[in-house]
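Inspection log for the structure reproduced underneath, given as structure tokens.
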Amino acid sequence: MRDFHDQKDLFKLIHEKINVEGHDYCKQVNWIAGQCYVIDIFLWFMARRGYTLQRTRKHGIEFNSLIEYVGKANKARLLSFANMISGASK
């Protein structure tokens with residue numbers, strides 16, 4: 001999450017997978033505004049007070065791979081875009 005482009009891909013994925021329209025308080029929040037608030041404001045504010053967001057180091061707990069999850073979403077997004085472009089050129 002240190003790289004801007006990785007952050008961007010993650011927030012796009014969150015916005016695609018979570019039905020933000022179902023939450024009255026964030027209907028008008030897009031993935032860009034969410035990313036800017038979380039990264040530029042919230043995490044910075046918390047870090048200045050000694051808190052950091054980090055992956056758990058506990059052993060024996062299985063988590064889904066964030067890298068794989070984001071990668072699959074990026075591939076699906078690119079395939080959709082490619083299909084749109086190929087359909088437009090016909």
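Take the chain and mark each of the chymotrypsin sites (Phe, Trp or Tyr not before Pro) that is in a DSSP loop with at most 15 other Cβ atoms within 10 Å; the longest unmarked stretch, sites excluded, is 1-50. Hull volume per residue, based on the alpha-carbon atoms of the chain and their convex hull, is 145 Å³.
Note on A33 and K75: the model spin-label points, each 7 Å out from Cα along the C-beta direction, lie 3.3 nm apart.
The long axis of helix 4-17 is offset from the longest Cα principal axis of the chain by roughly 70 degrees. The angle between the Cα long axis of helix 66-88 and the longest principal axis of the Cα atoms of the chain comes to about 20 degrees, rounded to the nearest 10. Quick one: of K12/K58; K27/K75; K12/K72; K8/K58; K8/K72, which pairs are farther than 22 Å apart, Cα to Cα? The answer is K12/K58; K27/K75; K8/K58. Over the residues of the chain, the helix contribution to mean residue ellipticity at 222 nm works out to -15500 deg cm²/dmol, using -39500 (n - 2.57) for each DSSP H run of at least 4.
Laboratory data are not the source of any read-out in this text; all were calculated from the coordinates shown. These numbers were taken from a predicted model, which means no experiment stands behind them. Ideal geometry is used to build each Cβ from the backbone, glycine not excepted, and the neighbour counts take in all protein chains shown.
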